[in-house]
Amino acid sequence: MPTSYGELTISIMHPFSRGNITAASASIFDAPLIDPRYCSHAFDCDLLMRGLRWNDRLVATKAMQELQPVPHAGYGPAVDDATLRQTLYNDLRTNFHPSSTTAMLPRNHGGV
């Protein structure tokens, strides 16, 4: 499917890791200092690793193989756990809009 694009994303909805936000100064115009402390609780990264390996198994199914998936660099079943964990640390970020967008149009115009 050369004109299609999809992505399988792993998320933790209720992480054990806790970050912090502090004021950078007394001025309301200065951006706050944000430290998300991603994976500061080891269980979070262990869970993400399990999710990534589950994705590997999902992508290996016949139905998914028909879509000719290509893993991002640093991911996929051929990557050892140490490399995968480092890639995971490098790519951690806050999710926003983790699902889809529904076309809010009348049905006769392609909506739902």
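Where a number appears in this text, it was derived from the coordinates with a stated rule and is not lab data. Please read all numbers here as calculations on a predicted model, not as lab measurements. All Cβ positions, glycine included, derive from the backbone under ideal geometry; neighbour counts span all protein chains shown.
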Problem - Filter pass, R85 being touching a Gly at 6+ places or on another chain (Cβ under 8 Å), surrounded by 12 or more Cβ atoms within 10 Å (Cβ to Cβ) and not aliphatic (A, V, I, L, M) - result: no
Exercise for the section: Check region 52-62 and report whether any residue there is surrounded by 10 or more Cβ atoms within 10 Å (Cβ to Cβ), in contact with a helix residue (DSSP H, G or I) (Cβ under 8 Å, 6 or more places away or on another chain) and polar (S, T, N, Q). Expected result: no
Completion exercise
Out of (1) within 29 Å of V79 (Cβ to Cβ); (2) surrounded by fewer than 10 Cβ atoms within 10 Å (Cβ to Cβ); (3) in contact with a strand residue (DSSP E or B) (Cβ under 8 Å, 6 or more places away or on another chain); (4) not basic (K, R), the one T22 does not meet is (1)
Problem - Single residue of S11, S17 found to be touching an Asp or Glu at 6+ places or on another chain (Cβ under 8 Å) and either surrounded by 10 or more Cβ atoms within 10 Å (Cβ to Cβ) or not small (G, A, S) (or both) - result: S17
